[in-house]
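The numbers here are math on the coordinates, done by the rules we state, and not lab data. Note that this is a predicted model, so its numbers are computed, not measured. Reconstructed Cβ throughout: ideal geometry from the backbone, glycine too, with neighbour counts over all protein chains shown.
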Amino acid sequence: MMMKRQEKLQIDQLTVRYTTRETSTTALEGVDLHVGEGEFVSVVGPSGCGKSTLLKVASGLLKPAAGEARLDGRVINGVTGEVGMVFQNDALLPWKTVFDNVRLPLAVKGLSRSDQATEVRRLLAMVGLSEFEDFYPKQLSGGMKKRVALARTFAYDPDLYLMDEPFGPLDAQTRVKIGEEFLKIWEKVGKSVLFITHDIEEAIALSDRVVVMSSRPGRIKAEFEVNLERPRPFYEIRFDSRFKELQRQIWNCMAEDEQKGGV
Ligand SMILES: Nc1ncnc2c1ncn2[C@@H]1O[C@H](COP(=O)(O)OP(=O)(O)O)[C@@H](O)[C@H]1O
Ligand SMILES: [Mg+2]
C-alpha cells in the first residue's frame with residue numbers, strides 16, 4: 001500500500017520582493033515547493049534566480065510578500081531551532097578548536113559535558129577528523145573546514161536541513177569526497193533536506209528529487225524524480241545510464257532559459 005508522505009516543508013505560491021527606496025526586485029514569484037519527511041530535495045537554477053532567497057524564507061530569516069511557507073503544517077514565523085542552515089562560506093569560530101566548534105550546538109542543546117564529548121568524538125570520527133580535535137580552523141585545509149562545518153551541522157541535528165551551496169568553494173575532487181561522506185551520513189540520519197547547488201551531477205547524486213528554477217523572477221520550472229537506489233554510490237552512480245539520462249533532461253531544461261535570452 002502506498003503511504004502518503006507527510007510534508008516537512010510546504011511552500012505555496014511564494015512571492016518575495018526586495019524593496020529599497022528606489023527599487024523593487026521580485027526575486028521569487030508564485031513558487032510552490034514541498035519537501036517530504038525524510039526527503040532530499042535539491043534546487044538548481046541560474047545565478048540570481050532566487051535560490052538563496054527561497055532558503056531564507058524557509059529558515060524564517062525573510063518574510064514573503066505573498067504566499068506562505070509551513071514547517072510541519074505551521075506557518076514559519078521567524079527563526080526556530082527546528083531548522084538548520086548551512087551556508088556556502090560557513091565560518092567556523094576561529095578562536096575555538098575543532099572540538100569546541102562541533103561541541104557548541106550540543107552545549108546550546110543542554111547536553112551534559114560528558115555526553116557532549118562523546119557526541120563530538122562520534123561526529124569527528126564520522127567525518128574522518130578524529131586526529132584534529134585540538135586544531136584551530138586556520139590550521140586546516142578548505143576541505144577539512146567544510147567537514148568540521150558538516151560535523152557541526154549534524155551536531156545541531158535540525159529536523160530540516162537547509163543547505164545553500166555548502167560545498168561551493170571546494171575544488172572538484174574534494175567536493176566529490178565531501179559529497180560522498182555527506183551522503184553516507186545523511187542516509188543513516190534520514191532527515192529532510194533542501195539543498196541548493198549549481199552542480200547538476202551533485203544534485204542528482206544526492207537527491208530524491210531535483211527542482212529546476214528559471215531566472216528572474218524565480219519560478220519553479222520543472223521537477224525530476226531521481227529513482228536511483230539507496231544507499232547510493234555517490235561517485236559511481238554517475239556512470240549509470242539512468243543518471244546520464246536525467247542529467248541530459250535537466251541540462252536541456254536549464255538550457256532553454258539561455259536560448260530565450262536569459263542569463
Ligand atoms: N538583500 C537584497 N537586496 C536586494 N536584492 C537582493 C537581495 N538579495 C538578493 N537580491 C536579488 O534577488 C535575486 C535573487 O537572489 P538570490 O536569492 O541570492 O539568488 P541565487 O541564490 O539563486 O543566486 C537577485 O536578483 C538578487 O540580486
Ligand atoms: Mg545563492
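Run the reach check for LYS96 against lysines, Cα to Cα strictly under 22 Å, same-chain hits fewer than 8 apart removed. What comes back? In chain and number order, the partners are LYS109, LYS138, LYS145, LYS146. Sorting the segments 54-67, 135-148 by their mean number of nearby beta carbons within 10 angstrom, highest to lowest, gives 54-67, 135-148. Counting each pair of different Cα atoms once, what's the Kirkwood radius of the stretch 139-183 in Å, rounded to one decimal? Over the stretch 139-183, the inverse of the mean reciprocal pair distance is 11.0 Å.
What is the fewest-to-most order of CYS253, CYS49 by other Cβ atoms lying within 10 Å of their Cβ?
Taking fewest neighbouring Cβ atoms as first place, the list is CYS253, CYS49.
Need the C-alpha centroid separation for the stretch 175-192 versus the stretch 198-242, integer Å. Going from one Cα centre to the other spans 15 Å. For the chain, the residue among PHE182, SER192, LEU92 whose Cα projects farthest onto the positive side of the dipole built from Cβ charges is LEU92. Diffusion coefficient (Stokes-Einstein, Kirkwood radius over C-alpha pairs, 37 °C, 0.692 mPa s) for the stretch 132-252: 211 µm²/s, rounded to a whole number. For the peptides 208-217, 92-101, the ranking by mean Cβ contacts within 10 Å, running from highest to lowest, is 208-217, 92-101. Taking square-rooted eigenvalues a ≥ b ≥ c of the alpha carbon gyration tensor, is the stretch 97-162 rounded, prolate or oblate, where a/c under 1.5 means rounded and, failing that, a/b exceeding b/c means prolate? Oblate. Restricted to Cα atoms, the stretch 187-247 shows a radius of gyration and a Dmax of 12.3, 37 angstrom. Here, the chain yields an orientationally averaged convex hull projection of 16.2 nm² when only Cα atoms define the hull.
Between helix 142-156 and the chain there is an angle of about 90 degrees, using the helix long axis and the longest principal axis of the Cα atoms. Put a plus charge on the Cβ of each Lys and Arg, a minus charge on the Cβ of each Asp and Glu, and nothing anywhere else: the dipole of the chain about its Cα centre is then about 420 debye. Antiparallel DSSP bridges in the chain: what percent, to the nearest 5? The antiparallel proportion sits near 55 percent.
Take each peptide in 124-132, 233-241, count the other Cβ atoms within 10 Å of every residue, and average; sorted highest first, the result is 124-132, 233-241.
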